Amino acid sequence: MKSPEEILKTYWGYQTFRPNQREIISKILCGEDVLALLPTGGGKSICFQVPALCLDGICLVVSPLVALMNDQVENLKKNKITAYAVTSALSHRETDRILDNCVYGDVKFLYVSPERLQSTLFIERFKKMKVSFIAVDEAHCISQWGYNFRPPYLRIAEIREIKPDAPIMALTASATPEVVLDIMEKLSFRKPAVIASSFSRPNLSYLVEYSEDKENRMLDIISKTNGSCIVYCSSRQQTRVLAHRLLGAGINAAYYHAGMSHEERAQSYMAWKTGAVRAMCATNAFGMGIDKPDVRLVLHLSLPQSLEAYFQEAGRAGRDGGRAYGVLLHNKSDTTDAESRLEQKYPDTEVIKKVYRNMSSMLQLAIGAGLGSSYDIDIHQLSEKYELKYSEVVYSMQILSTCGYIAFEEKMWQPSRLMFVVSKNDLYSYQVANPQWDLFIRGLLRSYGGLFEQYVSVHESELSRNLHISHTQVKEGLGKLKEFGIIDYIAASDSPRITFLTGRMRDENLLFPKEYYADRKTDEKNRLKSIRAFVENEVCRSVQLLSYFGEKDAVNCGVCDVCRKTRNRTINEHEYDNLEKKVLHLLKQGPLIIERILEEISDEEKENVYDLIRWKLDHKSWRMDNMFRIGIIDKSND
């Protein structure tokens, strides 16, 4: 067995691991379960890819991010490492072929979306696989208290029972202490084991600023900042408007949102990644899996949906270790707008039932039919045909997905794939009998390898150049060969896609459990309160974020907007003696949010309360918990 260091150098060209990566890898190599908490850009994929190459057998990787799975599979293949991804975008024949290869072939990585774990086809083949360990990416999705809960993740514990000797590695970039405990419980850890890197980013300045004219302030900030930047917007329309505004000001800009075609998104992304475009105006659909090291600025023009989302999005700045800025602009209308967006995310249950019923009818599914079937779906057509709002349809499908009735991908891009379904001898006989197809078939075989063994991603434009015929002629030719039974050809798709996880239900049998609907809505409201508190509290931004994620000993960063205001002010503890006594009296009754403390303090003293709290936090006398409540540290056990 090669050492992890040898694997790292051979395949990735790195001489040393980042902090905590080696410790995480060692746990798996010793057959132990481990939860890895690494911030955005902390190198999570290395943690499971390296030990998988050290061990015999296949590493099962469970991830909800289809685009990221496909990217990682392609990157592994470029390194001559055999890897596959099984998602709802694949046909039954493709899935069957891949799982066969995983049982009988030399495959090192099998990526699966959590919904695939429920498939009988997957479970039966999984029983026959030699599995080294299971990696669960975005592990916060397994917790009801995680900000992106996915019920199919709960099936992972059942999968463990099939391979009881295979250890499990859970990975996430954002989890509160409550979520950390829930992850280990839901994944049936044999014993608790958490390896966490600090969420502190010393090179990243978090700056929160009130502005009534956000667009002009955005222009001012970007013009004064060097390097690439991301501007997060609240709507698809705003991405286009702001990109044009930046272009008008002489700043190269592009926009990105989930409503664009795959080609449009890819073009925008590549222009930004290569530096042809400096600013990317985007919704939160942009950024997952993005690893551009020289981003100097991430600018939010509206309140993020949660502190977890803000931390991940702002954390895309400064991955090269250079000075970077996460700027959040806010004003009085933000709270109202955020609350309105939250209400839209949870349509009335009767609306959700109507969407489900009409969607099933449009797909011509009878009651009880559809289990395990996947379909491309035109949301615009569904909305217009049944007089529904587009947003109602999207949010209803998200609720149906959370409740476990369907799996929903708003944009599911898959390139064209093909495979010969006849033997080489039969193909030769066909070419002899049909000479008009000989050049076309030989062109296919020259352009791509492995077409008899597996489905291969193909690009019609590339075939067009190789065969010296038009793009249309290529597609028609591939379609004809499929009709003749020579190949199986699946054309590229960029449509929203749903997979039925149950047979079609009757309206009266569609249930929306409290923990998946009402409780989730309440939880999101609390997350919104947390991001509002983050904006409004005059406490070091880094301290607030680190406290939220359970780091109790965080110290002021010295570079955020709050720290900058007080950098040159010295706090004399004796000066605040009376104020300290008043606040201590309040805190002895239990931890309190700052707003509650301010209610009990005179107007003249309020200006000094924040200084007092910062001083006490710095000197480890008081602490802030993940609900931003101030409390006294009990040192009686020290």
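The values are calculated or read from the model by the stated rules, or taken from the named source; none is laboratory data. For clarity, every value in this text was computed on a predicted model and none was experimentally measured. Cβ: placed from backbone, ideal geometry, glycine included. Neighbour counts: every protein chain shown.
Does Arg564 qualify as being at pLDDT 80 or above, surrounded by fewer than 16 Cβ atoms within 10 Å (Cβ to Cβ) and either of a type in the set (Gly, Ala, Ser) or under 24 Å from Pro304 (Cα atoms) (or both)?
Numbers: at pLDDT 80 or above: yes; surrounded by fewer than 16 Cβ atoms within 10 Å (Cβ to Cβ): yes; either of a type in the set (Gly, Ala, Ser) or under 24 Å from Pro304 (Cα atoms) (or both): yes.
When the stated conditions are applied, Arg564 passes them.
Give Ile123, Ile81 a once-over and let me know the one that is out of contact with any strand residue (DSSP E or B) (no Cβ under 6 Å at 6 or more places or on another chain) and closer than 21 Å to Gly404 by Cβ.
Values: Ile81 fails: closer than 21 Å to Gly404 by Cβ.
Ile123 is the lone residue from the list that is out of contact with any strand residue (DSSP E or B) (no Cβ under 6 Å at 6 or more places or on another chain) and closer than 21 Å to Gly404 by Cβ.
Any residue at all in segment 266-276 that's free of Cβ contacts under 8 Å to residues at least 24 places away in the same chain and touching a strand residue (DSSP E or B) at 6+ places or on another chain (Cβ under 6 Å)? The answer is yes, given that some residue of segment 266-276 is free of Cβ contacts under 8 Å to residues at least 24 places away in the same chain and touching a strand residue (DSSP E or B) at 6+ places or on another chain (Cβ under 6 Å).
State yes or no: is Asn425 surrounded by fewer than 13 Cβ atoms within 10 Å (Cβ to Cβ), out of contact with any Ser or Thr (no Cβ under 8 Å at 6 or more places or on another chain) and assigned to a helix (DSSP H, G or I)? I'd like the intermediate steps shown before the answer.
On the way: surrounded by fewer than 13 Cβ atoms within 10 Å (Cβ to Cβ): yes; out of contact with any Ser or Thr (no Cβ under 8 Å at 6 or more places or on another chain): yes; assigned to a helix (DSSP H, G or I): yes.
Taking the combined requirement at face value, the residue satisfies it.
Going by the structure shown, is Ile441 surrounded by 12 or more Cβ atoms within 10 Å (Cβ to Cβ), assigned to a helix (DSSP H, G or I) and not assigned by TED's automatic domain parsing to the domain that holds Pro151? Taking the combined requirement at face value, the residue satisfies it. Scanning segment 8-40 for residues that are modelled with pLDDT under 95 and β-branched (Val, Ile, Thr) returns Thr10, Thr16, Thr40. When residues in segment 99-128 are screened for being in a helix (DSSP H, G or I) and either within 23 Å of the chain's Cα centre (by Cα) or among the β-branched types (Val, Ile, Thr) (or both), 8 of them pass. The residue of segment 479-495 that is surrounded by the fewest Cβ atoms within 10 Å (Cβ to Cβ), among those that are among the aliphatic types (A, V, I, L, M) and closer than 21 Å to Asp376 by Cα, is Ala491.
Checking the condition in a loop (DSSP other than H, G, I, E, B) and not acidic (Asp, Glu), which residue from Gly372, Gly326 passes?
Values: Gly326 fails: in a loop (DSSP other than H, G, I, E, B).
Gly372 is the lone residue from the list that is in a loop (DSSP other than H, G, I, E, B) and not acidic (Asp, Glu).
Taking segment 157-195 as the range and being within 19 Å of the chain's Cα centre (by Cα), farther than 30 Å from Lys565 by Cβ and touching a residue at least 60 places away in the same chain (Cβ under 8 Å) as the test, the residues that pass are Met169, Ala170, Leu171, Thr172, Ala175, Val180, Ile183. Within segment 211-222, none of the residues are within 25 Å of the chain's Cα centre (by Cα) and small (Gly, Ala, Ser).
Restricting segment 496-509 to residues that are in a loop (DSSP other than H, G, I, E, B) and either in the same structural domain as Gly477 (by TED's automatic domain parsing) or not polar (S, T, N, Q) (or both) leaves a set whose member that is surrounded by the fewest Cβ atoms within 10 Å (Cβ to Cβ) is Arg506. Every listed requirement among (1) touching a residue at least 60 places away in the same chain (Cβ under 8 Å); (2) farther than 20 Å from Asp96 by Cα; (3) touching a Lys or Arg at 6+ places or on another chain (Cβ under 9 Å) is met by Leu418 save one, (2).
Residue-by-condition table, conditions (1) polar (S, T, N, Q); (2) in contact with a Cys (Cβ under 7 Å, 6 or more places away or on another chain); (3) at pLDDT 90 or above:
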| position | (1), (2), (3) |
| --- | --- |
| Phe199 | no, no, no |
| Tyr206 | no, yes, yes |
| Asn216 | yes, no, yes |
| Ile222 | no, yes, yes |
| Ile230 | no, no, yes |
| His244 | no, no, yes |
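For Met362, the conditions (1) buried (at least 16 other Cβ atoms within 10 Å of the Cβ); (2) of a type in the set (A, V, I, L, M); (3) over 27 Å from Ser143 (Cβ atoms); (4) in contact with a Phe, Trp or Tyr (Cβ under 9 Å, 6 or more places away or on another chain) are fulfilled apart from (1).
Ile24 - would you say it is surrounded by 22 or more Cβ atoms within 10 Å (Cβ to Cβ) and of a type outside the set (Ser, Thr, Tyr)? So Ile24 fits the description; yes.
Residues Lys2, Lys80: which one is modelled with pLDDT of 90 or more, surrounded by fewer than 23 Cβ atoms within 10 Å (Cβ to Cβ) and basic (Lys, Arg)?
Working: Lys2 fails: modelled with pLDDT of 90 or more.
Criteria check complete, one pass: Lys80.
Of all positions in segment 444-464, none carries a residue that is touching a residue at least 60 places away in the same chain (Cβ under 8 Å) and outside any loop (DSSP other than H, G, I, E, B).
Counting just the residues of segment 294-313 that are out of contact with any helix residue (DSSP H, G or I) (no Cβ under 9 Å at 6 or more places or on another chain) and either of a type in the set (A, V, I, L, M) or within 20 Å of Ile221 (Cα to Cα) (or both), which one comes out modelled with the lowest pLDDT? Lay out the reasoning, then the answer.
To start, the set of residues in segment 294-313 that are out of contact with any helix residue (DSSP H, G or I) (no Cβ under 9 Å at 6 or more places or on another chain) comprises 294-296, 312-313.
Cutting the leftovers down to either of a type in the set (A, V, I, L, M) or within 20 Å of Ile221 (Cα to Cα) (or both) gives us 294-296, 313.
Values: Asp294: 89, Val295: 94, Arg296: 94, Glu313: 92.
Once the filter is applied, the top-ranked residue is Asp294.
Taking the criterion of being over 30 Å from Pro202 (Cβ atoms), within 23 Å of the chain's Cα centre (by Cα) and of a type in the set (Ser, Thr, Tyr), the only residue of segment 300-359 that qualifies is Tyr346. The set of residues in segment 601-618 being out of contact with any strand residue (DSSP E or B) (no Cβ under 8 Å at 6 or more places or on another chain) and either among the hydrophobic types (A, V, I, L, M, F, W, C) or modelled with pLDDT of 85 or more (or both) consists of Ile601, Val609, Leu612, Trp615. Candidates in segment 7-23 are the residues that are in a helix (DSSP H, G or I) and out of contact with any helix residue (DSSP H, G or I) (no Cβ under 9 Å at 6 or more places or on another chain); of these, the one that is farthest from Ala139 (Cα to Cα) is Lys9. Within segment 245-258, the set of residues being buried (at least 16 other Cβ atoms within 10 Å of the Cβ) and of a type outside the set (A, V, I, L, M) comprises Arg245, Tyr255, Tyr256, His257. Could you check, for segment 510-528, whether at least one of its residues is outside the structural domain of Phe149 (by TED's automatic domain parsing), at positive phi and not hydrophobic (A, V, I, L, M, F, W, C)? Among the residues of segment 510-528, not one is outside the structural domain of Phe149 (by TED's automatic domain parsing), at positive phi and not hydrophobic (A, V, I, L, M, F, W, C), which makes the answer no. Considering (1) surrounded by 17 or more Cβ atoms within 10 Å (Cβ to Cβ); (2) closer than 23 Å to Asn425 by Cβ; (3) touching a helix residue (DSSP H, G or I) at 6+ places or on another chain (Cβ under 9 Å); (4) of a type outside the set (Ser, Thr, Tyr), the lone condition that Phe452 does not fulfil carries the number (1). Within segment 535-553, being assigned to a helix (DSSP H, G or I), buried (at least 23 other Cβ atoms within 10 Å of the Cβ) and not polar (S, T, N, Q) holds for Arg541, Val543, Leu545, Leu546, Tyr548.
Yes/no per residue for (1) under 30 Å from Lys44 (Cα atoms); (2) surrounded by fewer than 15 Cβ atoms within 10 Å (Cβ to Cβ); (3) of a type in the set (Asp, Glu):
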residue: Met218; (1), (2), (3): no, no, no
residue: Thr225; (1), (2), (3): yes, no, no
residue: Ala243; (1), (2), (3): no, no, no
residue: Met260; (1), (2), (3): yes, no, no
residue: Ser268; (1), (2), (3): yes, no, no
residue: Gly275; (1), (2), (3): yes, yes, no
residue: Phe286; (1), (2), (3): yes, no, no
residue: Lys292; (1), (2), (3): yes, no, no
residue: Pro304; (1), (2), (3): yes, no, no
